[in-house]
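Below: one structure, written as C-alpha cells.
Throughout, read-outs are computed from the coordinates displayed, never taken from laboratory work. Just so you know, these numbers come straight off a predicted model, no measurement behind them. Backbone-built Cβ (ideal geometry, glycine too); neighbour counts: all protein chains shown.
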Amino acid sequence: MLKSRPIPSYPQAFLSRFRGTGRIAPYADEAASPLIVTLADDAPGTATAMATGTVTVTEADILAAAGAVTISATEGAVFSGPLAAFTTTYAGSPASDFTATIDWGDGTTTAGSGASITETSGTLTVAGSHLYADEGSNTLTVILTDNSPGSATATATGTATVSEADTLAGVGTVAIGAIEGTAFSSTALATFTTTYTGSPASGFTATIDWGDGTMTAGSVSGSAGTLTVSGSHLYADELSAAPVSVTLTDGAPGSATATATGTATVSEADTLVAVSAATIGATEGTTFSSTALATFSTTYAANSPSDFTAVIDWGDGTTAAGTVSGSAGTLTVGGSHLYADELSAAPVSVTLSDNAPGSAAATATGTATVSEADALAAVSAATIGATEGSSFTGTVATFSTTYAANSPSDFRATIDWGDGTTAAGTVSGSAGTLTVSGSHLYADEAASPLIVTLADDAPGSATATATGTVTVTEADVLATAGAVTISATEGAVYSGPLATFTTTYAGSPTSGFTAVIDWGDGTTTSGSVSGAAGALTVSGSHLYADEGSNTLTVILTDGPPGTAMATATGTATVHDAALSATGSPVSATEGNTFSGTVATFTDANPAGTAADYTATIDWGDTSALTTVSGSQIATVGDSFRVPASHVYAEDGTYTLTVTMSDVGGATATVNPVATVGDAKLSATASAVSATEGSTFSGAVATFSDADPAGTATDYTATIDWGDTRGRRHL
C-alpha cells in the first residue's frame, strides 16, 4: 500500500511508469473546492495512492450593461419581452451561471425564474413579463449577478412608459330633484364605464358642478369597469332645470375623462303669506314715508331678505321697488312716495316675490287716500272778436290756486267757444296763478257767450268758471265756377257732380251750405255739398224716364245766419237706352210651317214696353221680310221675345237676320241659324201576282211625301224583284 508523502522530484522516465485518475482542464467557473489526486501503478501492477488538497478558482467575469433600458407598455395588459443586455469579459460563462433581478418601478420586483437570461456570443439578455396596473413613467432597474461564489454584478436602468388604457363614458343623464334649504344626497349621481375593467375606483377623481355656482368633489366607487359617483349638497335657493355636470377623471398622469350632464330642479320651500298691509293717508304735494307698509311671513325661515323683491303699487299709476327687511321668517316692506294729486281710497298693493327662479309670491292690499290741497278761483275772462274762417288764438281766462306748488299739468281746462264746440284749453302758469289759452276757428258768424272752466284732475274736486263773450262776423262770398252739363241715359240713375262754386272763405265747412237741384223734367231735389279749400261741388242722383234735353239749375246757399248764395245753370242730355239681343236657333221641316221664337232682347231702360219696339226678320231664303211689332212681341219678365212663322221650301241651313228697333232710335241685330230638314216619305207595298215566263206589269208600291209641294220629278224608285235578276230603277 502506498502512503501519501511529499512528492519528490523524479526523472520523467520513472514517473511514466505510473498513471493518475484525473486530467488537467481549464475551470469554467470560479470556485473554492477540494483537489483529489490518485496515483495508480500500471497493470498488472496494483499499487495506488491518493493525495488531497484545495483549489481556488478566481473570478474572470467583468459584467457591464450594454445600454439603457426602455420599454413601452399599456396599463392592464401584460408586457413580455427583453429588458436589458449585458456584456461579460469571460465569453465562456453560461447563462445559467447568472441571476437577474427586475425592479419594474411600480413597487414590484421580479427575480429568479421570473427573469429569464439568455446568452449569445458573450452577450447576456434579461427578459421578463409584468402587468402594470396604472399608466405612468416608471424607473426600470435590471441587476445581473454572477452566481456565488462569483461576485460580478452590473445594473441597467431606464424607463418603462405605461400608456393609458382607460376610455371613460358617462351612462345616462344626471337628474337632481331637491328642495331649497334641505340637504340633497345621492349615492348614484352619475354612472360611468371604463374599458379598463381592472382600474380601481381609487385611481379616479370626480368633480360635481351642482348648477348653482358651487363645485365640490364627489366620491368614486365601483369595480369591474363600472364606476359610480356620489355626493351631497345643500341648495340655498330654488332652481329650474339648471344644468349640472359630473366629471370623472383618471388620476395623473392618466388623461382619461368623461362628463355626465343633466339638470337640477330645486323646488320652492318658501310659502309667503301677507300678514298685514298699511292704509295710507297722505296730502298731495307732501312726501309720505313708512318703514312698515306691509308684513309677510315665510315658511323658509332661513331665507335671507336679499332673496326677495318687493314692488309697491302706490295707487296713482306709479310703481316702485320697496325695501325688504326682517329675519326668522318675518319680512317687512317699507317705502317712500310723493303723491302729486289727491286720491280717494285708491287701491294700493305690496307684492313680495321670491327672486327667480323662485315662484313664491304674496300680495298685501290696502288703500291710499290723498287729501286735496287746491282751492281755485276765477280772476278774469276775455271778450273775443273774430271773423268766420280766421283762427283766434290767445288767453281766454286767468285763475288762482291756493296750492302754489301744483303743476299746471294737474288741471284740465274746457273752453265752450259759443258755437256749439267745446275744446280743451292749454293751462300754464306757476306760483299759484294759472292761465288758460286756446285756439279756435269759427266756421260761421255768431254772437255767443264764452265759458272757460278750470278743474283739478279727478279725484280732485276743485273747480272754477270764468265767463266772457265772442262776436264772429260774416266772411263768405259765393260764385258759380262754370256751366252745368251732364249726360244721362233714360231709365238709368244718373249719380255724380253737377255744379262747382267758389267761396272767398276757403275754410268754410260744406255742412254750412244747402243745395237745391231743378232737373228740368219737373223734378226738384236737394243736393249734397262736398269740397274744401274754397272749392265746393254739388252732386245729386236722378232717374230720367225718357230721352231728351233738359235745362238743369243748381242753387247753393250759405246756411243761416249766413246770406251768401249763387246759381249755376246748364243742360242735361238724356240718351236712349241700349238694346241687347240673343238669337234663338230655328229647327224646321221643308214644306211645313215653322212657328216659334227667333230672338230675345232686353232694353237698358226698365220702363220700356212692347209697344216701343219693332222687329224685322230676314229668313235667309230670299223670301219677303217679316215684321213683328207692338202686341205681337211677347213680354217675359224684364225681357222681350220675337215670335214668327215661316215655311221653308227646301231643306238646308239658313242664316236669319233679326233686327230690333226702339222708338227712341236704339237698335240691336242678331243672326240665329235655321236648320231645315227633308220631309219624311211614307210607302205601302202592293201584292204582286205573276206567271213564270209571262211579263208582269202593274203597281208594286204606293208612297206619300210630308212635303205637300213635292212633284213626281223629285223621286226615284228602285225595285229588287227577289229572283236574283237584279234591280230595276224607275
The chain, Kirkwood Rh and Cα Rg, ratio Rg/Rh at 1.48
Quotient of Cα radius of gyration and Kirkwood radius for the stretch 63-163, i.e. Rg/Rh, equals 0.98
hull vol. (C-alpha, convex hull) per residue for the stretch 275-368, Å³ -> 80 Å³
Here the averaged projected area of the stretch 478-575, based on the convex hull of its alpha-carbon atoms and given in nm², is 5.5 nm²
What the Cα atoms of the stretch 160-199 span along the principal axes, largest first and in whole Å, is 52, 20, 13
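Please give the contour-minus-distance gain from Asp457 to Thr504: 0.36 nm per residue of separation, less the Cα-Cα distance, rounded to one decimal in nm.
Working: separation 47, 0.36 × 47 = 16.92 nm, distance 4.24 nm.
Working it through step by step, the gained length comes to 12.7 nm.
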Given 139-152, 528-541, the highest-first ranking by average Cβ count within 10 Å works out to 139-152, 528-541
With +1 on the Cβ of every Lys and Arg and -1 on the Cβ of every Asp and Glu, the dipole magnitude of the chain about its Cα centre, in debye rounded to the nearest 20, is 3540 debye
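Take the alpha-carbon positions of the stretch 521-625, form their convex hull, and give its projected area averaged over all directions (one quarter of the hull surface) in nm². If you can, show how the numbers build up before the last one.
On the way: hull surface 46.1 nm².
So the Cα hull casts an average projection of 11.5 nm².
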Along principal axes, largest first, the alpha-carbon spread of the stretch 638-714 in whole Å comes out as 82, 23, 15
With -39,500 (n - 2.57) per DSSP H segment of 4 or more residues and division by the full residue count of the chain, the 222 nm estimate, nearest 500 deg cm²/dmol, is 0 deg cm²/dmol
Across all Cα atoms of the stretch 168-267, Rg and the largest Cα-Cα distance (Dmax), in Å, are 13.5, 41
Along principal axes, largest first, the alpha-carbon spread of the stretch 240-326 in whole Å comes out as 76, 27, 20
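Sorted by packing (mean other beta-carbon atoms within 10 Å per residue), highest first, where do 470-478, 543-551 land? Working shown, then result.
Working: 470-478: 18.6, 543-551: 15.8.
Going from most to least packed, we get 470-478, 543-551.
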per DSSP, antiparallel bridges as share of beta bridges in the chain, % nearest 5, sits at 90 percent
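Rank-order 161-169, 70-78 by packing density, defined as the average count of other C-beta atoms within 10 Å over each peptide's residues, highest first.
161-169, 70-78
Over the alpha-carbon set of the stretch 681-729, divide Rg by the Kirkwood Rh and report the Rg/Rh ratio to two decimals. Intermediate results must be reported in sequence, preceding the final value.
Working: Rg = 13.4 Å, Rh = 12.9 Å.
Across the stretch 681-729, the Cα-based Rg/Rh ratio is 1.03.
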Here P(r) for the stretch 325-427, Cα-Cα distances in 5 Å bins, as whole percents, is 2, 7, 13, 14, 11, 9, 9, 7, 7, 6, 5, 4, 3, 1, 0, 0
Using eta = 1.306 mPa s and T = 10 °C, Stokes-Einstein with Kirkwood Rh from Cα pairs puts D for the stretch 370-510, in µm² s⁻¹, at 89 µm²/s
